[in-house]
Amino acid sequence: MGFGGTGDEFKQAYHLFVHMHFADSLGGGKGRFNPYITCDFNGVHLETPPSMDTRDIHCDECFRLPVVTPLFADSIVIRAWNKATWGSDQIIVQGRLSFSLLRMHAMSPKWFNFYGFDKKEVGDASAIHDVGECAQANAYMGRMLLSGRVQKIASVEDLLRPDLVKAPLAEEPPTSVQCFAIEVLEVSGCPGASCYVVCRLGVLKRTTKTAKRSRDSDPDVREPGRFPFKGERGRMKTLKASIPTEESNALDVFVNVYSSAGGLLGDEFKRVGFARLKVIDIKTIEGCETASPMWITCNPMAHLPNNIDPGAVLVSVKRSASLPEARMPAIVKPLPFELRAYVLMARDLNSGKGKEDNSLPNPVVQVSCAGKSVCTSIARSTVVPSWKECLRMRLQLQCSVSDMKVQPEPVRIVAYNDEGTDMVEQAKATAAAESAKAKRDTKSKAGKAKQDARALEDAESPKRKSLMDKSPKEAGAKLEDAESPGGVKSLQDQGADGAEEKTETQALALKDAEGQNDSTSLMDKSPKAAKEKKEKKSPKAGGDGVIAQRVDHWGKSYNPFSLMGGYGMMRTSNLDHRDRRVIGRAQVVLQKCSRPGEKRRGMKMKWLKLKGGLLGAQHNGDILVAFELVREKYKDQIPVRSTTPAVRDCSISLSLLGIRNLTLDLQQWNLGKPKIMVLGPDIGDTPASCVISWTRRPPNPYAMGDYNKKWTKSGRSGFEFFNVVHIPAKLPKASTMEPHIRFLLFSEDADPAIDAPAAEGRFSMVEDMPWGKPEKAKKALEACEEYVDSDAGDILDGIPVSDIEDGAEGETKSTYTTITIGQGLINVHFDPDECTSFPPVVLAVEPDSVAAKEGIQAGMWLVGFQGPEDDCLKLTGLWTPAQAAAFVANMDQQLVRQLSLKFRRTSCMEQCVWVPEQVGTLGLRFIQDSTLTPPKISADVSEDQRWRRQGVSAGDFIVDINGVDLTEMPITDPQVRQLLAIRPCVITFRPYGKESEAAEACARRMHEEKGFMLRQPVMLNGLPSALACETERKMLYRDGALGGTRVPRPCAVLPPVNKAQVLNCRIARSGLMDVRGLVKNRLRGDGYDDEDDFAGRPILAGRMEDVMEGRTFRTVDLLQANNEVVGQIKFAFRIVCPADLEWADKITDRSTPDFWLFQERFLRHKYKR
């Protein structure tokens, strides 16, 4: 019986209304269009009338579309088109709405922002999408204000036709005015001779001045460098914009880095990197205070070659509701550090040439930070390289003077495929082959010439003339040849000349190979490839505009942007000036600095994903690294860690069954009798290895007629081996190093010690180590997107440092240091261009000077001086660095001596707050105690809570005002009152009063512990971290009359019993929970309360697949580059710990599988019988 209905009872009719209110700045505000809007859904198309010569659209129409469910479409496509006078119309922007979401909830007017690519950089965006990788948009393309709703209709007959209808009035989303203060301090990691930064918010933009390449960077402009912005060169004008109150709909702030090549392209700057900041992530700071600088990692440009590093920007950015009258500059100072990068190994790398290239790479890793770069050694022809190297770099990192925190600069890791080595080695091999061939040809020609000469002599002999001279013409011709200059002598000369000519050809080929940009894979055994290297050919731009003609990399006029091509070019994978091709990149942000005396745990090794490809979004392998950041002055006290992990001596027994499904052409790759090299784990020492060659007749046949088979069918070949090998190995105790067995496939005439393999296979032994746990091992081997070296701390908080801690032999250095200049120059430098900040911060100190010997360092403050005619110390806390620089120059010019200078150090526990002139009352309440020194804060009573936002809390002490020491002054001292009334001023706070090693250490521990607990979801006392600050405030300030009594107050958790005001001597009965009930035996087995005896049945602990008998033989894929599978190897193995290479011979029980697998004579007997 069929269903008799028509199906209409399952249908539901709707009217879909989509209102496009406004379109703003289409095309990013560049150019004008004839725009119109279209709406497409479920096969229905509607469009608005076009506007003329504009980039903004105001619409009063609403799209009405009839909809009948069920339907298969859900995306409502909204497009903005440019009406073309001639030709087809072009899409400006497009977006999608969800019908199912609109049906559930009507959408009020909402801004939708569109991003894409600049047409001056990318002429055809479809070329980027055709690559198959996801490229992040790097340009603003406009925005639309849309709203929508779905109206339910009673029946299908009541539906109206699609049409444009009059739109109802609707209010725009509320907005607020925001002022963005941006200051760039440094750009690091990008190539070029100079650079500048542009920040864009929609169509608004602000630009810095140009900064030159730092002298301490690599002088080669092709390498990444540092570009410090001194003085006000990095300060941008305040950007004022209207932002939606719903900040998730606000426009992104683009930070663009433009770099030049030092005038080699006519002083043309090109954008090399960009970053997108969400407005909601930018801190709101009112007043003149600046935000702490932070490093922003830039993304690569989609149209540039992937060997152009985008770099990173150190920027201070904040937003406020009002435009500040004056802006306090962000003050930083350089501090020396040593970065230790432990590069251990990598896995699953490719050649970086594309999906169709099958050559094995020569991996080398470059680690860059703060303009410095160090490379590892080159691993030869492998996708699983092992380096185990420690790369050390001396860095200058920027430290914020206000909070004494170093902003961690991103560490860039780039894995390259070194192809220059391949060229030289191939040219040498070609030259050697051609030289040997030339010698053989010369010898052959000389022998032939002797034979001809003997034949001529025989022809002239009277005895054999009648017998040899059968043809008078031939004899005459031979005689003429013998008498001519090209006789025997000419033949010998011709051989010598040929040898000389070939020698010159070999030299030219070798010379060209060492300098050319093109490369040939090690897999290419064809001799034609070596001959083609005699002529250097520069690739020209093809019809698709991939890359422009390249210049000579080795010439003095090299330009790092010569690989970029012109406008409209597509991103390519090119060689850099060192004949290296990018495989992948990764970035690391460090959050921890090692200090002497700390308990050092093991290296925190992490697997990181390498992102490569044409657009930098493809996963091209993983790399195992670890990092350690050390202060320069502590590097001798903190030893370098060993890159060799703790190991155990083991032995690996391997039973090789054979090769299966080999797709390589046996004749082309010369694999008629292949060789397999088995390499043990590369942990510590040189890995053990053995070479197994395929032979027709095995060395130990089990019977007559026992041969190793070889077959080819449907383009796939197979070989039988049946070999057993036992090799020693050192396996790590930790599973992070991922020990593995490598199988290298060679041709029959290849030398495994020199030649490159045809394919490579790798099998991980982590899950088979006797002492390891498989689940834990799998988790340790998972590659992460980013490296985290500390569980505590935020990336944007920075690394706290202090110049007051860890003095000589553990003594605490004094906060204030006074030096006396008797003769010579002062040799203390300040920034002569900084005229807005105070107090004066030391920029640099000449080594071996009086100041350097007294411990004066960069970052200290000049707080006073006293000349020979001065009665007392004069304060300089309100000086700017420019005034201090002028003062030092004047004192040196006039030779004013004896001159005393007073300097002040800063600590990581201190908070320095700048108070401008317009601030009247401070808004701080102090504890009025004449015996308490220095002054202690009891509460922040300011209306806007400005001190709380600056990190100043109740209980902190004021230790300095404009360089005046307050550690011995109480709040009742009149001098303190006078200092607090000075405007402007710099007030220094810290959580402890008088300076002592114990007080500072205790305060630092409390500060770190409290900060760590607040970053966790729940604190140790059970209170959620979100309520901790509010609960503390209630207990301290809102107790009222309960604060001085022993009556307990209600709180979220049981308070500490050692505080009288919160003492709770009894436990609330209502807070307890009693568990009551009867315990039943569910395993009785008599059916009582257990149907079918289900609970009493025997069960299997764990997963069934964990206890099932595994396969006898394992299979590992043979891979070429780009992970292309060309075959498999079938084998079985066993790890024996401790090492015993003869354990298999001691097996007597024939029922065990090991008896038949790991003794070669029994292996062939079992599987070949």
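Among the residues making up segment 670-697, those that are surrounded by 19 or more Cβ atoms within 10 Å (Cβ to Cβ) and assigned to a loop (DSSP other than H, G, I, E, B) are Leu671, Pro674, Gly680, Pro681, Asp682, Ile683, Pro687, Trp694. Given the criteria surrounded by fewer than 19 Cβ atoms within 10 Å (Cβ to Cβ) and not acidic (Asp, Glu), does Gly43 qualify? Taking the combined requirement at face value, the residue satisfies it. The set of residues in segment 959-982 being surrounded by fewer than 16 Cβ atoms within 10 Å (Cβ to Cβ), free of Cβ contacts under 8 Å to residues at least 12 places away in the same chain and not hydrophobic (A, V, I, L, M, F, W, C) consists of Pro974, Gln975, Arg977, Gln978. What do you reckon, is Ala808 modelled with pLDDT under 85, of a type in the set (A, V, I, L, M) and surrounded by fewer than 16 Cβ atoms within 10 Å (Cβ to Cβ)? So Ala808 fits the description; yes. Of the strands (runs of 3 or more DSSP E) that lie entirely inside segment 45-134, those containing 2 or more residues that are in contact (Cβ under 8 Å) with a residue 12 or more places away in the chain, within 44 Å of the chain's Cα centre (by Cα) and not assigned by TED's automatic domain parsing to the domain that holds Val203 span 75-82, 90-98, 107-116.
If you go through segment 656-706, how many residues are among the hydroxyl-bearing types (Ser, Thr, Tyr) and either modelled with pLDDT under 90 or under 41 Å from the mean Cα position of the chain (by Cα) (or both)? Spell out how you get there, then give the answer.
Going through segment 656-706, the residues among the hydroxyl-bearing types (Ser, Thr, Tyr) turn out to be 663, 686, 689, 693, 695, 702.
So of that shortlist, the ones also either modelled with pLDDT under 90 or under 41 Å from the mean Cα position of the chain (by Cα) (or both) come out as 663, 686, 689, 702.
Of the residues in segment 656-706, 4 are among the hydroxyl-bearing types (Ser, Thr, Tyr) and either modelled with pLDDT under 90 or under 41 Å from the mean Cα position of the chain (by Cα) (or both).
Across segment 147-181, the qualifying residues are those that are of a type in the set (A, V, I, L, M) and out of contact with any Lys or Arg (no Cβ under 7 Å at 6 or more places or on another chain), and the one among them that is farthest from Lys240 (Cα to Cα) is Ala154. Of the numbered criteria (1) without any contact (Cβ under 8 Å) to a residue 40 or more places away in the chain; (2) touching an Asp or Glu at 6+ places or on another chain (Cβ under 8 Å), the one Asn34 fails is (1). In segment 586-610, the qualifying residues are those that are surrounded by fewer than 20 Cβ atoms within 10 Å (Cβ to Cβ) and among the basic types (Lys, Arg), and the one that is modelled with the highest pLDDT is Lys609. Selection over segment 1129-1168 of residues that are under 49 Å from the mean Cα position of the chain (by Cα) and among the β-branched types (Val, Ile, Thr) gives a count of 3. Condition check for Thr207 on (1) in contact with a Leu (Cβ under 7 Å, 6 or more places away or on another chain); (2) modelled with pLDDT of 90 or more: one failure, at (1). In the condition set (1) over 24 Å from the mean Cα position of the chain (by Cα); (2) charged (D, E, K, R); (3) more than 18 Å from Leu277 (Cβ to Cβ), Arg213 is compliant with all but (1). Quick check, is Asp649 among the charged types (D, E, K, R) and more than 30 Å from Trp1156 (Cβ to Cβ)? When the stated conditions are applied, Asp649 does not pass them.
Residues checked against (1) surrounded by fewer than 16 Cβ atoms within 10 Å (Cβ to Cβ); (2) not β-branched (Val, Ile, Thr):
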{"site": "Gly192", "(1), (2)": "no, yes"}
{"site": "Cys199", "(1), (2)": "no, yes"}
{"site": "Val203", "(1), (2)": "yes, no"}
{"site": "Lys230", "(1), (2)": "no, yes"}
{"site": "Arg235", "(1), (2)": "no, yes"}
{"site": "Lys240", "(1), (2)": "yes, yes"}
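The values are calculated or read from the model by the stated rules, or taken from the named source; none is laboratory data. If you're wondering where the values come from, they're calculated on a predicted model, not measured in any experiment. In this analysis, Cβ positions are derived from the backbone assuming ideal geometry, glycine residues included, and neighbour counts consider all displayed protein chains.
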